[in-house]
1. Test Leu213 against the criterion of being within 30 Å of Arg45 (Cβ to Cβ) and hydrophobic (A, V, I, L, M, F, W, C), and give yes or no.
2. Counting only residues that are of a type in the set (D, E, K, R), give me the helices (runs of 4 or more DSSP H) lying completely in region 1-116 with at least 3 of them.
3. Counting just the residues of region 93-135 that are under 19 Å from Thr63 (Cα atoms) and polar (S, T, N, Q), which one comes out least open to solvent (accessible area, probe 1.4 Å)?
4. Of the residues Leu29, Leu55, which single one is crowded, with 18+ Cβ neighbours inside 10 Å and farther than 18 Å from Ser186 by Cβ?
5. Which of the residues spanning region 46-78 are under 19 Å from Met130 (Cβ atoms) and among the small types (Gly, Ala, Ser)?
6. Out of region 181-207, which residues are assigned to a helix (DSSP H, G or I) and polar (S, T, N, Q)?
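The values are calculated or read from the model by the stated rules, or taken from the named source; none is laboratory data. As the structure is a computational prediction, the values presented were derived from the model and not from experiment. Cβ sites come from the backbone with ideal geometry, for glycine too, and all protein chains shown count toward neighbours. Areas reflect the complete protein model, heavy atoms only, side chains present, ligands, DNA and RNA absent. Shrake-Rupley method; radii C 1.70, N 1.55, O 1.52, S 1.80 Å.
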Amino acid sequence: MDAVRLMKELRVNYEQEADFLPNGKGLNLIVSAQQSADQITAKCRNVKVEDLWSLTSFFGYSTQTFVLAVSLLDRFLAMTRVQPRYLSCVSLSCLHVAARVTEEECNLTPTDELIRIGQCRFTVSDLCRMEKIVTEKLCFKSKAVTALTFLQLYHQITLTHATYRNETLSLEKLEAQLKACLCQISFSKAKPSVLALALLRQGMESIRSEDMLEIAFHIQRHLKIPDAELQQWSQRVARCLLDYASPKCSKPNHRKLQWIVSRRTAQNLHSHRSVPELPTIPEDCWDESESDDSCEDLMSSGEESLSSSLGSDAEGPFFPLHLRRQKHRQYLNA
């Protein structure tokens, strides 16, 4: 009965996933954008997603919170032309909305602390206003079908049908690999069901389980996922995970993210600062007839990325690669 229930649930989510995909034309505009001061580039987006990864780990939020935040961010950026100076506010508002949906109320970080730890230059009222814009634009209430939705269902189905369980798939490892993929905007173009199945197959191939691969094949056939589409994304996932598993990038484990904050940074985090209100946030939608000029690498308002401004030991496996490289360079120049 569990197997039947899981397959029905899988089918329901598969039929709904199209409603939660980012606009393809909007994503293409971001990917093709060149560095300028009025449009978000792929690099801008990827840096902010890495920051969201660091923040979710810092606050002890779940993978579900991170994946939902990225889903909201990509869908909003693909729908609305966002100026670079608003990107930090948009990304943090997506994280806050996602956390309110997925986390226990007692575990939620207060809004003002979220802004301070995120080293952002806007107020609580700015964040609340942005949250209202994001949720209204996306017609978001409390649910979204993501790659994590399918990954968890696939994992449960695999455990239900597997004959031999001497070597089982680690859901935690699969989730960490999914987070690594989501740090690249190219994976936002994949259907969640296909991306999750590509990750599942990679995990099955790594433990050389023919039994489990047969289960993956039945899932693919049940959802009628074309071989060519699955093969395409499996190759991209394999390349991403190969880079992620290289000596320069630690494999995921159970360690929590730890930050060592300097005295000056600690004083800034706990001091009350005068922060100017953000100007009125424009809500222009994408116009394909407009120039392909894009935004600057980070923020036109002078705001720095969390990863570049907040001190850390950069040792945990949940830190993005560029933070560990930055830490290594600082050590060599010391």
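1. No, not satisfied.
2. Qualifying helices (runs of 4 or more DSSP H): 2-16, 42-59.
3. Ser93
4. None of the other options fit; the residue is Leu55.
5. Ala69, Ser71, Ala78
6. Ser186, Ser188, Ser193, Gln202, Ser206
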